[in-house]
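Some notes on the structure that comes next.
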Amino acid sequence: MFEIEVKAKISDAKTIIEKLGSLGCKLSDPVRQEDEIFNIPGATPSNLGDSTVMRIRSSGGRYLLTAKKDRSGELDCFEQEVEVSDSVGARKMLELLGFTHTVFVNKNRRKGKVEELEICLDEVEGLGSFIEVEKMSEEDGKKVQAELMDFLVSLGVKPEDRVFEGYDTMLYKKEHGQG
């Protein structure tokens with residue numbers, strides 16, 4: 001199963017929340033997520049090549065260890081996730097395997113569902129407000145992304161506000177003067 005998503009920068013969350021509500025989507029209260037991103041030496045979020053990205057996410061007293069590998073792009077990838085009880089131990093294991101810390105991504109996230117779509121409204125430190133719509137699927141990633149973008153447009157999101165990179169890449173480029 002592949003995680004396929006479309007993401008866009010937003011300036012009017014209130015209108016989007018109202019439109020989601022009219023579709024029966026009830027968003028959760030904001031949840032704090034603190035992510036530490038790891039890459040193999042030589043790979044960075046803006047230059048992954050064929051490498052796997054590792055993430056340790058801290059949220060609500062839980063820790064998730066996630067591996068992501070691009071399929072057709074950053075927002076269409078294979079994802080495997082497991083809960084771990086010890087984030088320090090997970091970090092040491094990643095370092096032992098040769099991964100190095102690349103960037104921190106901290107955000108407040110509200111989640112909801114519309115049919116098989118997961119909706120996330122994110123306030124990302126250093127980047128601003130975003131909406132993300134995600135579908136787990138075996139279908140062609142580009143086809144699903146087009147459908148997801150159509151959904152966002154129906155909420156009033158402008159196509160030119162779409163972003164094609166993950167938060168880790170955007171923050172990495174910002175921190176390193178690449179974007």
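Worth a mention:
- For the stretch 124-153, the candidate set comprises residues that are farther than 18 Å from residue 109 by Cα and in contact with a helix residue (DSSP H, G or I) (Cβ under 8 Å, 6 or more places away or on another chain); within that set, the residue that is surrounded by the fewest Cβ atoms within 10 Å (Cβ to Cβ) is 153.
- Residue selected from the stretch 154-179 under the condition among the charged types (D, E, K, R) and surrounded by 13 or more Cβ atoms within 10 Å (Cβ to Cβ), by the criterion nearest to residue 39 (Cα to Cα): 168
- Some residue of the stretch 157-176 being assigned to a strand (DSSP E or B) and either within 17 Å of residue 4 (Cβ to Cβ) or at pLDDT 95 or above (or both): yes
- Scan of the stretch 73-108 for residues that are in contact (Cβ under 8 Å) with a residue 60 or more places away in the chain, part of a strand (DSSP E or B) and either closer than 13 Å to residue 63 by Cβ or not aliphatic (A, V, I, L, M) (or both), ordered by number: 73, 76, 77, 78, 79, 100, 101, 102, 104, 106, 107, 108
The values are calculated or read from the model by the stated rules, or taken from the named source; none is laboratory data. Treat the numbers as computed from the prediction; the structure is a model and nothing was measured. As a convention, Cβ positions derive from the backbone with ideal geometry for all residues, glycine included, and neighbour counts pool all protein chains shown.
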